[in-house]
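Here is the structure we will look at.
The values are calculated or read from the model by the stated rules, or taken from the named source; none is laboratory data. For clarity, every value in this text was computed on a predicted model and none was experimentally measured. Because the Cβ atoms are built from the backbone with ideal geometry, glycine has one as well, and the counts that use them run over all protein chains shown.
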Amino acid sequence: MPISPYLSELRERVGHDLLLLPAVTAIIRRGDRFLLCRQAHSPQWGLLGGGIEPLEKPEEAVLREVREEIGVDATVHGIVGAYGGEELMVSYPNGDRVGYTTIVYSCSIPIDAEFLFTDGELIETAWFTIPEIAQLPRDRWVDPIIDDASRLSETRHAEQTSIVEKAVCYVIAENRLLVFTHDDTDMLATGVQVPAGTVRQGEGAADAAERELFEETGLRGTVTRSLGTDLYDLSPARDELALRHFFQLEITDPDVTAVWQAGEADPATGGSPISWTCRWLPLSQAHVLAAGLGARLGAATR
């Protein structure tokens, strides 16, 4: 992104002199790998981020920076820490000197996200393990942030809170949403649901959405767009966080008057056969979706 009007005005007054600026940084992790990037003006690898604009909230700033730099909508999960000092002193090719104080946020992005270098600052991104990062030419401030993010992850693991990735399907036709309700379980326990399920190891989230739609309804559909992600806390039912990837899907020639039964004769979790009834629910009633499954429905209808 080009220099902001606010910073441009400051530079007109102070020239290339040192400026102390607030900033945000995104630490994005996938398994044992971290997302690093490289800018056009530097051979060093670093992390996504940038300055906070006047009146902008830090969390909004980190989401904006990720969107501007790689064209992806991220989800913020918490703060890793705040960093500054000599390691964050930067001298730019034009002579500008900046000392950053940055708030680092733990973020996630959709598994199947395609990176677009929309603001022209970055020329390369890649995923690295910590041993691989140690072999890279990198910004001095990368190491302490990666170390703290790793310890934070280990602490969460020690607390036995696991994150499970899920794919959630919105199939909309004629202002109706495809839903189902369980036949043999109290509605108070299961509520109204949309097709959804766990992303398998090595499977893309969009592929999981198409698979779950077929397995749960018998309908074949195609993902038309990603609606982003949300983190849903399943406690106290389970000590688990669900990282939900929301997708809008399309099927050919849907019959929105149809009502039909589906189910599992041999559930993967064991137990007796289960069945559910599929139907098309008017969008005006879709607020009844259970357990946060409607979190991205507004985005699907805009």
Can you name the residue in the range 223-240 that is touching a Leu at 6+ places or on another chain (Cβ under 6 Å) and within 27 Å of Gly263 (Cβ to Cβ) and, of all such residues, is surrounded by the most Cβ atoms within 10 Å (Cβ to Cβ)?
Val223
Selected residue (criterion: farthest from the chain's Cα centre (by Cα)) from residues of the range 7-41 that are surrounded by 13 or more Cβ atoms within 10 Å (Cβ to Cβ) and without any contact (Cβ under 8 Å) to a residue 60 or more places away in the chain
Leu10
Being buried (at least 16 other Cβ atoms within 10 Å of the Cβ), modelled with pLDDT under 90 and assigned to a loop (DSSP other than H, G, I, E, B) is true for just one of Ala149, Ala113. Which residue is that?
Ala113
Counting just the residues of the range 176-192 that are among the charged types (D, E, K, R) and over 20 Å from Ala286 (Cβ atoms), which one comes out surrounded by the most Cβ atoms within 10 Å (Cβ to Cβ)?
Asp183
Could you grab the pairs with beta carbons closer than 7 Å, sequence gap of 6+ or different chains, first residue in the range 71-83 and closer than 26 Å to Arg296 by Cβ and assigned by TED's automatic domain parsing to the domain that holds Thr118, second one among the aromatic types (Phe, Trp, Tyr) and surrounded by fewer than 19 Cβ atoms within 10 Å (Cβ to Cβ)?
Gly71/Phe115; Val72/Phe115
Would you please name the residue that is surrounded by the fewest Cβ atoms within 10 Å (Cβ to Cβ), looking only at residues in the range 196-214 that are more than 20 Å from the chain's Cα centre (by Cα) and farther than 17 Å from Thr181 by Cβ?
Phe214
Pair list, Cβ under 7 Å, 6 or more apart: the range 95-115 residue under 23 Å from Pro22 (Cβ atoms) and outside the structural domain of Ala209 (by TED's automatic domain parsing), other residue at pLDDT below 85 and of a type in the set (Lys, Arg)
Asp96/Arg11
Of these, Gln201, Gln248, Gln285, which one is in a strand (DSSP E or B) and either assigned by TED's automatic domain parsing to the domain that holds Ala113 or out of contact with any Cys (no Cβ under 6 Å at 6 or more places or on another chain) (or both)?
Gln248
Hits in the range 10-55 (condition: under 30 Å from Arg200 (Cβ atoms) and either out of contact with any Cys (no Cβ under 8 Å at 6 or more places or on another chain) or outside the structural domain of Gly78 (by TED's automatic domain parsing) (or both)):
Arg29, Arg30, Gly31, Asp32, Arg33, Phe34, Leu35, Leu36, Cys37
